[in-house]
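Data block below; observations after.
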Amino acid sequence: MKGSMTEGQICNAVYKVGSMEVKAILFANAQGMTMHYGICLEHEGESLTCDLGTDLMQARKMFFDVVFGGVTACTLPDVIEDRMGTL
């Protein structure tokens, strides 16, 4: 049986927060029979990755919330924790 989702990058975005350019990547990672999703933010030589769970639609919504909200790596864990608590 072949799944419809492969591991790797799903989408990415580059946005500005002040004078800083931030790159956001939404990715999928198979863990056993379950697909897990995550987000990675990169800027100014640093990067941070957060787990977004196993629901693709929820992960995509959080990705867009991060991008359109102008979130940086230093605030990403707090934003994801807040969003996960409201879902």
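Tabulated values for the structure
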quantity	calculated
Among the residues listed as Met57, Met35, the single one being of a type in the set (A, V, I, L, M), under 17 Å from Gly85 (Cα atoms) and out of contact with any Cys (no Cβ under 9 Å at 6 or more places or on another chain)	Met57
Residues that are free of Cβ contacts under 8 Å to residues at least 24 places away in the same chain and closer than 17 Å to Ala13 by Cβ, drawn from the stretch 69-82	Gly69, Thr75, Val79
Pick from the stretch 23-39, criterion not in a loop (DSSP other than H, G, I, E, B) and not hydrophobic (A, V, I, L, M, F, W, C), ranking: least open to solvent (accessible area, probe 1.4 Å)	Gly38
Some residue of the stretch 1-22 being surrounded by 17 or more Cβ atoms within 10 Å (Cβ to Cβ) and of a type in the set (Gly, Ala, Ser)	no
Pairs where the first residue, in the stretch 29-46, is over 20 Å from Met57 (Cα atoms) and at pLDDT 95 or above and the second is open to solvent by less than 40 Å² (accessible area, probe 1.4 Å) and acidic (Asp, Glu), C-beta under 8 Å, 6+ apart	none
Output for the stretch 40-65, where each listed residue is over 19 Å from Ser19 (Cβ atoms), buried (at least 17 other Cβ atoms within 10 Å of the Cβ) and not aromatic (Phe, Trp, Tyr)	Cys40, Cys50, Leu52, Ala59, Met62
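The values are calculated or read from the model by the stated rules, or taken from the named source; none is laboratory data. This structure is a prediction, so every number in the text was calculated from the model and none was measured. As a convention, Cβ positions derive from the backbone with ideal geometry for all residues, glycine included, and neighbour counts pool all protein chains shown. The area values use the complete protein model at the heavy-atom level, side chains included, leaving out ligands, DNA and RNA. Shrake-Rupley method; radii C 1.70, N 1.55, O 1.52, S 1.80 Å.
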